[in-house]
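What follows is a short report on a single structure.
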Amino acid sequence: ALMGFAYLPLCRRFSLKQLLWWSVVVGAIVCPSALLMRDFTTAIAVQILVGLVWGVGNAAIYDLLLRAYPKGLEGTGAMLMGGIYAGAYYFSDWWGSQIFERGGFGLAMFVTTITSVFMIPVLFFVPRYLLTGREGESHEPAPITPVLSSSV
């Protein structure tokens, strides 16, 4: 929740594209940092780092989703995505526990890291008009102008 407040100045300074790329790439890098936890102090430090990066990432993804909803359906879309997020959260808890039981903490971190890396190619498929601009700037697609064909 704290990073939601920190996202406000970030989204006004940087474009959504920059925030998404930064959070996805850095998020994939910090995933294995949980393997560095050896005592209480390092566990707290690692979790603060991961929380900061993933907090910005979650806020950026919600920002992207809000920009993608049709005008007038932002609330409906937000509720739909909230439900999907909750379902994915509980599924990942179950799946993570299955992985942890079979291969331990190392395997769980490996799968988490690989899953995060697989988010990178998805960014190439996001329409550009959604990613350009900072908060407060227009995110509307350019109007499509028909090409008039000359009849021969």
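The values are calculated or read from the model by the stated rules, or taken from the named source; none is laboratory data. The model shown is predicted, which means the values in this text are computed figures rather than measured ones. Every residue, glycine among them, receives a Cβ derived from its backbone with ideal geometry; neighbour counts consider all protein chains shown. Just so you know, the surface numbers come from the protein's heavy atoms only, side chains and all, with ligands and any DNA or RNA stripped out. Shrake-Rupley method; radii C 1.70, N 1.55, O 1.52, S 1.80 Å.
Taking all Cα pairs closer than 8 Å and separated by 6 or more residues, the relative contact order of the chain comes to 37 percent. When you filter the GluC sites (Glu not before Pro) in the stretch 79-137 for DSSP loop state and at most 14 other Cβ atoms inside 10 Å of their Cβ, you are left with GLU137. Within the assembled protein chains, the solvent-accessible surface assigned to THR112 is about 50 Å², based on a 1.4 Å probe. Build a GNM of the chain with springs between Cα atoms under 10 Å apart, and of ASP63, ASP93, ASP39 the one that fluctuates most is ASP39.
Relative to the longest principal axis of the Cα atoms of the chain, helix 16-30 runs at roughly 20 degrees. Computing Rg/Rh (Cα atoms, Kirkwood Rh) for the structure here picks out one of [x] 0.95; [y] 0.97; [z] 1.08, namely [z]. Accessible surface comparison of ILE114, ILE84, ILE29, probe 1.4 Å, protein chains only, largest first: the order is ILE29, ILE84, ILE114. Across the stretch 6-96, Cα pairs under 8 Å and at least six residues apart give a relative contact order of 28 percent.
Per residue, the accessible area of the stretch 14-69 comes to 53 Å² when a 1.4 Å probe rolls over the protein heavy atoms.
Each semi-axis of the equivalent ellipsoid for the stretch 1-62 is √(5λ) with λ an eigenvalue of the Cα gyration tensor; in descending order they amount to 24, 13, 7 Å. Applying the criteria of a DSSP loop state and at most 10 other Cβ atoms within 10 Å to the trypsin sites (Lys or Arg not before Pro) of the stretch 1-46 yields ARG38.
When you work out D = kT/(6 pi eta Rh) for the stretch 54-120 at 20 °C and 1.002 mPa s, using the Kirkwood radius from C-alpha pairs as Rh and the Stokes-Einstein form, the result is 156 µm²/s.
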